[in-house]
Amino acid sequence: MKTSFKLNGKMVQVETAPDATLLWTLRDALQLTGTKYGCGASLCGACTVHLDGIAVRSCMTPVSSVAGRSVTTIEGLAGEELHPLQKAWIEEQVPQCGYCQSGQIMQAAALLKANPHPDRELIISYMNGVLCRCGTYTRILKAIEKVSKSGKQ
Amino acid sequence: MNNKKEGRAHPMSRRQFMLTAGGFSFAVTAGAIAPRFLGDPEPAASSGDQQLTAWVKITADGKITIYNPAAEMGQGSMTALAAILAEEMDADWDKVTIEYSPVEPGIYGMQWNGTPGGPMITAGSRTVRGYYKPLRQAGAKARYVLLYNAAKKWGLPQSGLKTDRGYVIDPAGGRKLSYGEIASFAQIPPSVPEINEQDLKKPEQFRLIGQIIPRYDIPEKTTGRAKFGIDFSLPDMVYAAIARAPVYGSTPELLNENEVRTSDGLVDLVKMDHGIGVVANTFEQALKAKKRMQIRWSGEARAKGYDSVEDYKSLELLIRDENKKGRMVVDTGDAPSNIQSAYKIYEREYRTDYLYHAQMEPLNAVIHIAADGKSAEAWAGTQAPDTERNAIAKVLGLDESKVTFHNCYSGGGFGRRQEDFSLEAAMLAKQVRRPLKLIWTREDDIQYGAFRPMSLQRMEAGVDRDGHLTGWQHRIAGPDNRLQTGGVRMNYYTIPNQQTEHRVSHPGVRTAFWRSVGHGPNKFAQEAFIDEIAHDLQIDPYEYRRRMMKDLPRHLALLDKAAALSGWGKSPAPGRAYGMAFSDYGGSYTSGVVEISLDQESGQIKVHKVWAAVDAGVVVQPDNAIAQMEGGIVMGISSVLQESITFKNGQVQQSNFHDYPILRMADCPESIEISLMPSSLPPTSLGELSLPLMGGAITNAFLKLTGKALRHMPFTPAKVLEVLSK
């Protein structure tokens with residue numbers, strides 16, 4: 001099955017099995033490995049990407065469902081410069097193993113796009129679906145609050 | 001390298017050179033032993049002007065490459081090790097790049113019991129501790145060689161020269177040479193003196209050690225560019241999944257092979273003792289074919305019928321049997337008779353369930369066997385690359401030197417990332433003979449996990465009239481002798497007459513190192529027991545610990561620091577309580593306090609705040625040390641409040657994050673405050689130090705809040721309600 005969609009700003013066409021998921025299509029067919037496999041069941045959020053600007057779990061998103069739509073992955077988040085969240089992630093030294101961080105950043109970026117100044121409660125409820133085993137949550141929160149307060153996004 | 005210039009009759013092997021020359025050299029062209037991936041250009045052929053190096057390479061453009069021998073799985077040591085070397089070399093940190101070292105344990109192995117060249121294992125929080133001295137010496141030797149060459153060039157005595165951030169300086173002549181310039185003409189001196197402690201920098205001269213150095217790996221971990229093992233791919237690669245024994249030790253028989261072989265994209269099926277591998281063109285095709293397999297499992301598996309909840313009953317019989325003797329770990333004085341004759345005797349039992357690692361990157365490996373079958377190359381994130389390489393070599397019937405293993409970033413390790421995945425990938429590739437990537441699904445990762453063993457711990461103690469401990473007995477029962485006695489010694493409390501023993505059970509399930517290993521369960525039992533005794537004696541648990549530390553100023557200072565940070569002694573907000581605990585790990589010490597509340601109706605405990613003071617000797621990377629403490633605390637709370645693996649009929653009952661929940665952001669403490677104690681002692685362990693605090697601190701806060709003790713981890717709402725109703 002052929003599917004065409006916009007990926008990080010450019011049109012792409014992929015040939016996959018009819019029921020292929022966006023996650024494995026991104027990682028293996030399109031070689032964008034920044035999006036991670038963690039659970040395959042929308043339980044951990046490591047595979048989070050943006051679909052038309054909204055955070056979705058790519059492990060449960062059939063690639064057929066993104067035809068004609070726009071997908072942004074962690075590789076496509078930065079423009080000329082890093083996204084303010086990526087900068088804040090570096091400033092706050094957030095990642096440890098780093099495996100979940102693509103998902104964390106994409107989830108946070110979708111939040112700030114919809115609501116540039118979320119309060120702490122909203123951040124926590126929005127970020128709660130993305131797991132981090134290294135325990136970087138307090139730094140993730142700090143980094144998001146930093147961007148939200150700076151008004152840079 | 002240039003043996004002739006050294007005037008040797010016989011050329012030395014590269015390995016000999018690196019060992020004898022102290023592990024440094026220069027490269028004016030690309031280094032051939034630098035890690036290389038398939039598809040990279042071939043390194044330049046070895047020539048007279050090329051020098052190869054073990055730990056550090058300098059090129060004429062001034063770029064300094066430092067080789068990292070340890071796994072990078074989130075603990076940050078790849079930055080720390082490079083900083084240690086760069087410090088003594090007086091290198092310009094901005095010019096440093098870090099690469100994984102080749103898998104050569106003879107050169108890059110851990111300093112083990114004082115001897116370098118042990119295994120290349122990243123475990124036990126030993127990395128910075130173990131490599132601190134050899135890397136300082138390697139850095140100092142590299143600096144010596146730079147000084148030697150500059151002195152020769154200028155025709156000056158070496159003693160008059162200095163170094164500063166990447167330059168050799170001639171103060172008298174007002175000249176300087178950059179390290180890169182020196183690399184373009186440098187020669188290895190005929191001999192390099194031994195570096196002694198007095199030749200190294202004094203702590204007040206440190207420019208990198210103890211400063212906030214941003215972690216080298218963090219930028220690429222925010223852009224998706226960081227390559228984990230699971231991210232590697234090769235041309236013409238196929239994908240594999242394995243259906244493994246649901247009861248460990250049973251063997252498979254595929255009942256519908258013909259049907260499964262018709263699956264879309266199927267490349268091959270591989271029968272193994274412990275499972276059946278499915279190899280397909282895409283990973284999703286492999287998963288689909290795996291689902292179609294009907295497998296009959298048989299064989300005399302020891303774990304058959306095993307029930308881990310019921311197992312506590314057999315462990316009770318095992319631990320309470322006064323005629324049995326297990327393995328004695330600590331035996332000082334005469335604990336039994338001093339307890340018997342004590343003014344008051346205490347007895348308690350504590351339980352901990354099996355735990356799963358839940359590293360976010362499921363296990364995986366990529367392997368490629370050369371077309372002639374005479375060599376192989378593999379990629380994976382592992383804590384033990386040499387073990388991995390050797391296992392692959394064994395499966396393929398190759399000499400170890402014919403297997404090139406590339407360690408990759410690990411998406412979490414926690415003790416799990418070693419052993420089985422590379423071995424399995426080799427077994428699959430041996431039959432399939434294509435470049436192959438094996439991925440464990442999350443379900444595979446949990447159901448064929450290797451767990452922190454369950455434990456039942458029986459504590460007995462006696463006190464005199466004043467409440468002083470006069471004897472202490474700690475018995476541990478559980479399935480793994482090597483994993484369950486860590487942390488039983490408490491050299492930070494003065495307790496006479498101690499006895500600790502382990503009694504082993506044989507459930508036949510897989511167990512493994514799990515962050516902090518024995519310290520997690522054992523510190524929980526010790527610290528909870530101490531608070532229960534203090535509670536009964538109506539002594540403040542902080543004061544009670546102070547009494548046992550009165551002759552131990554280093555530990556007392558730490559205890560006092562954590563108490564001061566938390567404001568111990570002040571009244572907490574209504575419905576809240578403080579609990580404290582003390583722990584050690586790998587020569588480091590920590591004291592922590594938690595503030596908790598309890599939802600009486602649901603039984604849910606919430607940890608609001610955590611304070612911890614740390615004494616870990618010289619801290620190479622303070623901010624990373626704090627991050628490690630924070631991470632251990634969060635993982636600790638997770639394991640204490642909600643994690644449990646159970647077996648029924650020999651099978652793991654959990655399968656993904658819905659039934660093996662790990663802590664989410666909403667359940668994370670609002671604040672974690674870490675204080676690092678200044679020290680001039682050599683660095684000691686950090687990665688596993690804070691986790692063991694949480695079991696004791698949380699149950700101790702609960703005891704303060706409710707007057708009742710939680711003695712079975714995890715403290716789930718159901719267990720909390722049960723304890724409250726008693």
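No value in this document is a laboratory result; all are computed from the given coordinates. Note that the coordinates shown come from a computational prediction; the quantities given were computed from them, not determined experimentally. With ideal geometry, Cβ positions are generated from the backbone for all residues, glycine too; neighbour counts draw on all protein chains shown.
Its convex hull of Cα atoms gives chain B a direction-averaged projected area, equal to a quarter of the hull surface, of 35.2 nm².
All Cα-Cα separations within the protein assembly as shown were binned at 20 Å from zero, giving a P(r) of 14, 44, 34, 7, 0, each value a whole percent of the pairs. First check a/c for the range A:1-148, with a ≥ b ≥ c the square roots of the eigenvalues of its C-alpha gyration tensor; if it is under 1.5, answer rounded, and if not, answer prolate when a/b is larger than b/c or oblate otherwise. Prolate, since a/c reaches 1.5 and a/b exceeds b/c.
Per residue of the protein assembly as shown, what 222 nm ellipticity follows from adding -39500 (n - 2.57) for every DSSP H run with n ≥ 4, rounded to the nearest 500? Using -39500 (n - 2.57) per qualifying helix, the result is -8500 deg cm²/dmol. About the centre of its Cα atoms, the range A:13-153 shows a dipole size close to 380 debye [charges on the beta carbon of Lys, Arg (+1) and Asp, Glu (-1) only; nearest 20 debye]. Using the Cβ-Cβ distance between A:HIS117 and A:MET11 with R0 set to 25 Å, the FRET efficiency works out to roughly 0.15.
Shielding by partners for peptide B:356-362, expressed as the average number of C-beta atoms from other protein chains within 10 Å of each residue's C-beta, is 6. Residue by residue along B:226-232, Cβ atoms of other protein chains within 10 Å of the local Cβ number 4 on average.
Using only side-chain charges placed at the Cβ, +1 for Lys and Arg and -1 for Asp and Glu, the dipole size of the protein assembly as shown relative to its Cα centre rounds to 700 debye. The charge dipole of chain B, taken about its Cα centre with unit charges on the Cβ of Lys, Arg, Asp and Glu (plus for the first two, minus for the last two), comes to roughly 860 debye. In a solvent-free Debye calculation with one equal scatterer on each Cα, what is log10 I(q)/I(0) for the range A:2-76 at q = 0.16, 0.23 Å⁻¹, listed in the order of the q values? Scattering profile of the range A:2-76, log10 relative to I(0): -0.46, -1.01.
Output needed: percent of Cα pairs per 5 Å distance bin for the range B:190-273, bins running from 0 to the one holding the longest distance. Per 5 Å bin, starting at zero, the Cα-Cα P(r) for the range B:190-273 comes out as 2, 8, 10, 10, 9, 9, 8, 8, 8, 5, 8, 7, 4, 4, 0 percent.
If Lys and Arg each add +1 and Asp and Glu each add -1, what is the summed charge of the other residues whose beta carbon sits under 13 Å from the beta carbon of B:MET490? With Lys, Arg at +1 and Asp, Glu at -1, the net is +1. Site pair B:ILE345 and B:ASP659 shows an inter-label distance of 4.3 nm when each label is modelled 7 Å from Cα along Cα→Cβ. With both labels modelled 7 Å from their Cα along Cα-to-Cβ, the B:SER602 to B:ARG302 distance reads 4.1 nm. Computed over chain A with a Gaussian network model linking Cα atoms closer than 10 Å, the most mobile of A:CYS97, A:CYS132, A:CYS59 is A:CYS97. Computed over neighbours whose Cβ is under 15 Å from that of B:LEU208, the net charge equals 0, Lys and Arg +1, Asp and Glu -1. If the segment from B:GLU670 to B:THR262 were pulled out straight at 0.36 nm per residue, it would be longer than the present Cα-Cα gap by 141.5 nm. Extending 7 Å from Cα along the Cβ direction at B:LYS324 and again at B:LYS570 yields two label points whose distance is 4.9 nm. Each of B:GLY160, A:CYS97, B:MET120 was placed along the dipole of the protein assembly as shown (beta-carbon charges, centred on the mean Cα), and the one lying farthest toward the positive end is B:GLY160. Grab the Cα-Cα distance for B:LYS152 and B:SER314, subtract it from 0.36 nm times how many residues apart they are, and report the gain in nm with one decimal. Additional length available on full extension: 50.9 nm. Couplings 3J(HN,Hα) for the range A:37-46, derived from phi with the Karplus relation 6.51 cos²θ - 1.76 cosθ + 1.60 (θ = phi - 60°), are 8, x, 9, x, 9, 6, 9, 10, x, 5 Hz, where x marks Gly and Pro. From the alpha carbon centroid of the range B:204-233 to that of the range B:565-602 is 32 Å. Reported value for the range B:568-726: 134 Å³ per residue, from the convex hull of its C-alpha atoms. Charge tally for B:ALA289 (other residues, Cβ to Cβ under 12 Å; Lys, Arg +1; Asp, Glu -1): 0. Averaged over the residues of B:408-417, the number of partner chain Cβ atoms lying within 10 Å of the residue Cβ comes to 3.
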